[in-house]
Amino acid sequence: MQIFDSLDISASGLSAQRRKLTAISSNIANVDTTRTDEGGPYKRRRVVMLESPQLAKFSNMLADQQNRLDLTSNGHLPEPGTDADQLSVGAGVITQEVREEPTKPRLVYDPNHPDAREDGYVVYPDINVVTEMVDLIASSRAYEANVTAMTAAKDMTNKALSI
């Protein structure tokens, strides 16, 4: 694994956690939303993440840098077709989708509410603020861990360059 691969992995983690934080904040903000454009109460959103391993050739990655390679010796590059020519790059996490949870809404008796049904019940989304806050804390800690990993990779690169 190259040092830049670790930066790519951390960057994909940052992006995925940002999407998760956005979905959680939307859930918290709409905990009392009884009317949406689609009709009915707001539906809780959840981010689905998947591992994103990809296999690419190192020589293909360097094709964009051909001018710089022409100035160096090719003796340090692996021969085409060898195992060293194949590196795992682009691994990380991707956000597959932001899915609406199929949960039953909660009914609250409030006949004075403008969205009350004929029987006096108001249909609210079934969002538990405590659960959302726990998810928010976990996601923010994962975001911080990715920032820490990126900082460590940057520091290692700086130290390697100063040798």
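Things to note:
- Residues that are touching a Lys or Arg at 6+ places or on another chain (Cβ under 9 Å) and of a type outside the set (Val, Ile, Thr) within region 115-127 comprise ASP115, TYR124, PRO125, ASP126, listed in sequence order.
- Test for ASP83: is it among the charged types (D, E, K, R) and modelled with pLDDT under 55: yes
- SER88 meets all of the listed conditions (1) under 25 Å from ILE9 (Cα atoms); (2) at pLDDT 50 or above but one, namely (2).
- Filter result (hydrophobic (A, V, I, L, M, F, W, C), surrounded by 12 or more Cβ atoms within 10 Å (Cβ to Cβ) and not in a helix (DSSP H, G or I)) within region 104-163: LEU107, VAL108, ALA116, VAL122, VAL123, ILE127
The values are calculated or read from the model by the stated rules, or taken from the named source; none is laboratory data. Here the structure is a predicted model, which means the values were calculated and not measured. In this analysis, Cβ positions are derived from the backbone assuming ideal geometry, glycine residues included, and neighbour counts consider all displayed protein chains.
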